[in-house]
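Accompanying notes for the structure given below.
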Amino acid sequence: MIENISLPEEVEKSIDKRTSMGVVGDLNKYSQYQAAEAMREAANNPSGGGFAGMGVGMGAGAAMGQMFSQSMNGAAAQPAAQAATVPCVACAKPIPVDSRFCPECGAAQTPVAQTCAGCGAELAAGAKFCPACGQKVG
């Protein structure tokens, strides 16, 4: 009967690291964690008088800074892309969808149903031309 199976110490450490980072569930964070660990180990490495460790640490630090910058730029770009706009009912400048008043001209954004003077068709808010007959609005 087998009572115990032992793994080499390095394998156990790797499994422990991966398990602790698995709780986070983000591969990018795991990569950052590994880079930070490598910097710490390089800084503690006495070979080369510490200069090799400094070089590795600086390189890893630069890579981590670049990853951080990219993640921040991606996070900032998403909300900007999600901001929806509609044309103001008075001046037709783009304004946020939920605006009650236009920040450009101050007009209330309750759309007033307009009709075309030429054919009587209902016009959409901010329309410049009638969709039914093509006549210019206003």
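What the table below lists for this structure:
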{"item": "A35 within 26 Å of the chain's Cα centre (by Cα) and modelled with pLDDT of 65 or more", "result": "yes"}
{"item": "Failed item in (1) modelled with pLDDT under 80; (2) surrounded by 10 or more Cβ atoms within 10 Å (Cβ to Cβ); (3) outside the structural domain of G138 (by TED's automatic domain parsing), with P111 passing the rest", "result": "(3)"}
{"item": "Residue identified as touching a Ser or Thr at 6+ places or on another chain (Cβ under 7 Å) and at pLDDT 80 or above among P87, P8, P96", "result": "P96"}
{"item": "Neighbours by Cβ (under 9 Å, 6+ apart or cross-chain): first from the stretch 93-113, within 21 Å of L123 (Cβ to Cβ); second at pLDDT 85 or above and among the aromatic types (F, W, Y)", "result": "I95/F101; A107/F101; A108/F101; Q109/F101"}
{"item": "Filter result (among the aliphatic types (A, V, I, L, M), under 26 Å from the mean Cα position of the chain (by Cα) and in a loop (DSSP other than H, G, I, E, B)) within the stretch 86-100", "result": "V97"}
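The values are calculated or read from the model by the stated rules, or taken from the named source; none is laboratory data. Given the structure is predicted, the values throughout are model-derived calculations rather than measurements. Here the Cβ is made from the backbone with ideal geometry for all residues, glycine too, and neighbour counts use every protein chain on show.
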